[in-house]
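The values are calculated or read from the model by the stated rules, or taken from the named source; none is laboratory data. Given the structure is predicted, the values throughout are model-derived calculations rather than measurements. All Cβ positions, even for glycine, are placed from backbone atoms using ideal geometry, and neighbour counts span all protein chains on display. All accessible areas refer to the heavy atoms of the entire protein, side chains included, with ligands and DNA or RNA removed. Shrake-Rupley method; radii C 1.70, N 1.55, O 1.52, S 1.80 Å.
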Amino acid sequence: MNNLRISDSDRSQLLVAARQAVRQAYAPYSQFRVGAAVLTQRGNVFAGCNVENASYGLTICAERVAICSAVAAEGEGMEIRAIAVVNQREVPCSPCGACRQFIWEFGAEATVIFQGREGVKEMPAAALLPEGFRLG
Ligand code: THU
């Protein structure tokens with residue numbers, strides 16, 4: 001089980017990694033550049049950016065790119081302790097519904113850090129997605 005709170009240094013590290021990842025975004029259609037960084041229970045950090053496509057529906061959000069990278073590195077036991085998501089415009093941007101489910105799968109108690117209306121906010125994944133979907 002995760003701790004709901006994360007340390008100030010973990011939070012800063014994740015925000016730095018997410019802000020660096022924004023620069024890698026491939027967002028020629030929306031011009032909305034997003035970066036995310038996952039802290040795993042093992043203590044590793046994995047970053048991701050949004051990757052758009054001319055066939056718009058194929059676009060992948062930054063959060064899911066970061067999570068897929070974490071799974072690719074750590075395998076099926078990967079658990080999320082915290083995830084940060086930022087955008088280059090610094091406008092409010094909480095994870096979309098698909099990403100909430102994706103985060104929840106790997107850490108219902110994970111701390112989700114995102115840009116709110118009045119600065120950076122954080123809350124547990126289960127608060128962003130009550131009754132997440134699981135098979136059986
Ligand atoms: N996007 C993300 O990367 N994460 C979110 O949580 C919301 C939206 C991306 C997808 C698309 O490339 C752009 O933002 C505009 O929707």
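Quick check, is A37 in a strand (DSSP E or B), within 15 Å of the ligand (Cβ to nearest atom) and open to solvent by less than 50 Å² (accessible area, probe 1.4 Å)?
On the way: in a strand (DSSP E or B): yes; within 15 Å of the ligand (Cβ to nearest atom): yes; open to solvent by less than 50 Å² (accessible area, probe 1.4 Å): yes.
When the stated conditions are applied, A37 passes them.
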| Just one of the numbered conditions (1) more than 21 Å from G116 (Cβ to Cβ); (2) modelled with pLDDT of 95 or more; (3) away from the ligand (no atom under 12 Å from the Cβ) is not true of N3; which one? | (2)
| message | So R89 passes all but one of these: (1) more than 23 Å from L129 (Cα to Cα); (2) modelled with pLDDT of 95 or more. Which condition number does it fail? | response | (2)
| Residue that is among the small types (G, A, S) and closer than 18 Å to A125 by Cβ, where the choices are A98, A25 | A98
| remark: When segment 110-121 is checked residue by residue, the ones that are farther than 20 Å from V65 by Cα and either touching a Gly at 6+ places or on another chain (Cβ under 9 Å) or touching a residue at least 40 places away in the same chain (Cβ under 8 Å) (or both) are V120
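Just a yes or no: is a residue in segment 94-103 over 29 Å from Q31 (Cβ atoms) and either acidic (D, E) or touching a helix residue (DSSP H, G or I) at 6+ places or on another chain (Cβ under 7 Å) (or both)? Quick ask: steps written out before the conclusion?
Step one: of segment 94-103, the residues over 29 Å from Q31 (Cβ atoms) are none.
Checked against the condition, which is being over 29 Å from Q31 (Cβ atoms) and either acidic (D, E) or touching a helix residue (DSSP H, G or I) at 6+ places or on another chain (Cβ under 7 Å) (or both), segment 94-103 yields no hits at all.
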| What number of residues in segment 16-34 are small (G, A, S) and more than 8 Å from the ligand (Cβ to nearest atom)? | 3
